[in-house]
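Before any comments, here is the structure.
The values are calculated or read from the model by the stated rules, or taken from the named source; none is laboratory data. This is a predicted model, so every value here is computed, not measured. Glycine gets a Cβ as well: all are built from the backbone with ideal geometry, and neighbour counts include every protein chain shown.
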Amino acid sequence: MSSFEGWMNGDETAKEMLTRVLKERPFLLIPPLHRVPLRVGNIVEIVGSSPSAKTEILIQASINCILPKEWKGVHFGGLERLVIYFDLDCRFDVERLAQSLRHHIVEANETHFDEELFLSCMRRFLYVRCYNSFEFLATLKTLRPRLQKESEANGVGAHFLMIDSISAFYWADRASAPLALAANNRKSFSFHSVVETIVQEIQKLLQVQPMLLLATKATVLGDGSFTSELKRLVQKWSSQDASSLKSSSASQHSYREYMPSIWQVIYSLH
């Protein structure tokens, strides 16, 4: 009997099914996302304006992933797994990650800092910086061999794929002319085809190595143009301070989706 026929003819209760699924893809209770029922294979988009701490959320989630559950009798509650962090904004501060990791170690050890633990955790954080969409795409295409090598070296697999931020190259790609890939110019790499290929590569990667994907995205105003909004803010500047101006602007304006539809399709597949 083939495996397919065995699956079709199998008899499994709901309890047995849930036990099997939760064992294969358990929930990841990772601060600061521990209130959200996430598991390996899910895709989460974190959307917000520039000062809304999107990167900080990724840093804290990374720390709780690379920390061990227990080390030398001290409980840390981490997953002890690899994190792949794509820095597309090119503004990631590694020292901020190291400082926060040291704080977690000292807090759990009651003022004692363990250098060996710190280095072990940092080795599980795989950092990749890309300066344009083509570098990002090329890295995705060659990521599986590197991920396998790192998994063998560290003895653990990857649980998190983080992209900060998925919209980093949006405006530059839209403004650029299509790049011809063939001498006869029958095919070109347009803005939409770049995003489509990136999504396809991410899907292939998640099929081979299921991970929780966290992607940040900056917001844009949804009603009115940027120019009209800027003029309105300038007119009100003389009568309001910066803090009240910021809050009033946020409350009066909604945000709109601007990424290509192919990026939205990725959510319906997981």
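Points to keep in mind about this one:
- Residue that is over 22 Å from Val44 (Cα atoms) and touching a residue at least 12 places away in the same chain (Cβ under 8 Å), where the choices are Phe134, Phe169: Phe134
- Ala61 of a type outside the set (D, E, K, R), out of contact with any helix residue (DSSP H, G or I) (no Cβ under 9 Å at 6 or more places or on another chain) and surrounded by 14 or more Cβ atoms within 10 Å (Cβ to Cβ): yes
- Any pair with Cβ under 9 angstrom, 6 or more apart, that starts in region 137-162 at a residue that is assigned by TED's automatic domain parsing to the domain that holds Asn42 and ends at one that is surrounded by fewer than 13 Cβ atoms within 10 Å (Cβ to Cβ) and among the hydrophobic types (A, V, I, L, M, F, W, C): Arg144/Val208; Leu147/Val208
- Residues in region 57-95 that are among the charged types (D, E, K, R) and touching a residue at least 40 places away in the same chain (Cβ under 8 Å): Lys72, Glu80, Arg81, Asp87, Asp89.
- In region 45-56, the residues that are free of Cβ contacts under 8 Å to residues at least 24 places away in the same chain and more than 15 Å from Phe160 (Cα to Cα) never reach a residue that is part of a strand (DSSP E or B) and of a type in the set (Phe, Trp, Tyr) with C-beta atoms less than 8 angstrom apart, at least six apart or across chains.
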